[in-house]
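Worksheet for the structure shown next.
Just so you know, all these numbers are worked out from the coordinates, no wet-lab data involved. Because the structure is a prediction, the values reported are computed rather than measured. Neighbour counts are summed over all protein chains in view; Cβ atoms, including those assigned to glycine, are modelled from backbone coordinates with ideal geometry.
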Amino acid sequence: MGEIINRLAQKPRALFLVDGIGAFITAFLLLAILRTFNDYVGMPRMALTSLSIIAAVFCLYSISCYFLLNDNWQPFLKAISVANLLYCCLTSGLVIYYYNSLTILGVIYFLAEIIIIVVLVYVELKVLNRLKNISGVS
């Protein structure tokens with residue numbers, strides 16, 4: 001993990017690309033796959049649609065940041081990190097609320113998604129912290 005953080009600290013804007021691609025994959029899976037095979041997941045279609053819209057917005061935000069920001073990208077990376085954590089809280093809440101209707105496959109999917117996003121946020125915050133320590137800026 002340390003090697004990944006070191007490499008991303010050299011090209012921190014790449015985190016926006018990683019985040020954007022991940023959000024795109026999430027939006028696609030939720031809208032196109034999980035809604036289509038909802039009987040195998042158990043999450044209500046409206047919840048899947050809402051989560052996919054949020055993921056699509058995150059995708060647009062992150063990809064826009066990747067292409068448009070050259071300087072002062074740190075607050076934008078902090079913002080998407082916080083947004084990702086809030087998305088995980090929302091997803092966790094939905095899993096708890098709809099637990100009785102979820103299938104084992106649904107629970108596994110959403111827990112895996114949460115774990116992946118939390119790891120991404122961890123890396124984003126570690127990169128931000130490493131760069132802050134290097135530059136001495138708070």
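In nanometres, what is the gap between the two model label sites at residue 57 and residue 74, each 7 Å from Cα along Cα-to-Cβ?
Label at residue 57, label at residue 74, 2.7 nm between them.
Set the Förster distance to 22 Å, then compute FRET efficiency between residue 28 and residue 82 from the Cβ-Cβ distance, nearest 0.05.
0.40
So, how do all the Cα-to-Cα distances of the range 2-138 break down into 5 Å bins, in percent, from 0 on up?
2, 10, 20, 22, 16, 12, 9, 6, 3, 1, 0
List every DSSP H helix in the chain whose Cα atoms extend 20 Å or more along the helix's own long axis and whose mean Kyte-Doolittle hydropathy is at least 1.6.
Span-like helices here: 14-28, 45-68, 104-135.
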